[in-house]
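Input: a single structure, listed below in structure tokens.
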Amino acid sequence: MKLMAGNSNLPLAQAIADYLELPLTNANVRRFADEEIFVEILENVRGEDVFVLQSTSFPANDNLMELLIMVDALRRASAKRITAVLPYFGYARQDRKPGPRTPISAKLVANLVTTAGADRVLSVDLHAGQIQGFFDIPTDNLYAAPVMSADIKARFADHNLMIVSPDVGGVVRARALAKRLDNAPLAIVDKRRERAGESEVMNIIGEVEGRFCILIDDIVDSAGTLCNAAAALKAAGAEDVIAYCTHGVLSGGAVARVDGSQLRELVITDSIGSHETITGSARIRHLTIAPLLAEAIRRIADESSVSSLFD
């Protein structure tokens, strides 16, 4: 087994390598003067089981091209099996046609990864479960819920917990986390989105007064939904509000929005590499998913069960 990393999230790749006690494959991934990507693998990978670690986060197109070119280089170097490990799968929110004459970009990206030469895909908390079906190769979708539930139990077990979904579409995710927290009660924030990137909280389904509310979502981008939901929960009498999100995209003024919100804390995983603005915020905390990904990689290499990770 070999691990190869792109430039999107080197700290996570190194943490996975350290957990597995394996070195990262020696490779040169760089840019030409015109920003074309060049990949050169500097050691023998013939007949090897290679895992390529790369989140397709910002800059999404550059990181995606890096992934495709690395996979192509491995295929041409006669690697036995190539697994694309995508802690964060970009374009996942474009998983259907929201209107006429629009693309389904998630399916296009799945086709690109497959055509480049990947034999299987490993990802974390895909935005929609059906994206697994967009790939014509085996796809494993891991869940960050065990990592989050362990952190919640360690820090907030003595509080009167209530799990809250920030929208109707996230109820299944919220219910799964609530089940891990000894069947904690569940509330739902009903919101109406007037235009892309903006949300308006309309109603809260469930009794949150006096409760320690934990918002759960897969992606936090502009943070508008979470901040509006936190304000509505506090207005409804919630004791405090904390948010747990797997993928901290946090684009634009999202960090400043979180810092000025009713959220006591935003907890994100390291599926996406952090920039200085995020690390400089006192309200944003990181959880690592390196052990989760490393165990899944080990089990895929050993041909053992990945689903048993969540039993």
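Each eigenvalue of the Cα gyration tensor of the range 145-288, multiplied by 5 and square-rooted, gives one semi-axis; in descending order these are 21, 19, 14 Å. Relative to the longest principal axis of the Cα atoms of the chain, the long axis of helix 290-302 makes an angle of roughly 40 degrees.
One Cα centroid belongs to the range 137-164, the other to the range 266-300; the line between them spans 14 Å.
Using only Cα atoms, find the angle between the long axis of helix 60-76 and the longest principal axis of the chain, and express it within 0 to 90 degrees, rounded to the nearest 10. Its long axis makes an angle of about 30 degrees. The calculated FRET efficiency for the pair D34 and T277, based on their C-beta separation and a Förster distance of 22 Å, comes to about 0.15.
The residues of the chain have, on average, 46 Å² of accessible surface per residue, using a 1.4 Å probe with all protein chains present. The order of D302, D259, D49 by accessible area, most exposed first and with a 1.4 Å probe, is D302, D259, D49. Ranked from largest to smallest solvent-accessible area, with a 1.4 Å probe on the protein heavy atoms, E66, E43, E265 come out as E43, E265, E66. Considering only I16, I278, I216, the mean-square fluctuation computed in a Gaussian network model of the chain, springs between alpha carbons under 10 angstrom, is largest for I278. Among the lysines of the chain, pairs at least eight places apart or on separate chains and with Cα atoms under 20 Å apart come to 4. In the range 145-288, the DSSP beta bridges split such that about 20 percent are antiparallel, to the nearest 5.
Rounded to the nearest 10 degrees, the angle from helix 105-116 to the longest Cα principal axis of the chain is 20 degrees. The residues packed around L122, meaning those with a beta-carbon under 13 Å from its beta-carbon, carry a net charge of -1 if Lys and Arg are +1 and Asp and Glu are -1. In a simple Cβ point-charge model (Lys, Arg +1; Asp, Glu -1; nothing else charged), the chain has a dipole of about 580 debye relative to its Cα centre. Of the accessible area of the chain, computed with a 1.4 Å probe over protein heavy atoms only, carbon and sulfur atoms account for 48 percent.
The values are calculated or read from the model by the stated rules, or taken from the named source; none is laboratory data. Keep in mind that what you see is a predicted model, and the values were worked out from it rather than measured. Cβ: placed from backbone, ideal geometry, glycine included. Neighbour counts: every protein chain shown. We work out accessible area using only protein heavy atoms, side chains counted, and drop any ligands, DNA or RNA first. Shrake-Rupley method; radii C 1.70, N 1.55, O 1.52, S 1.80 Å.
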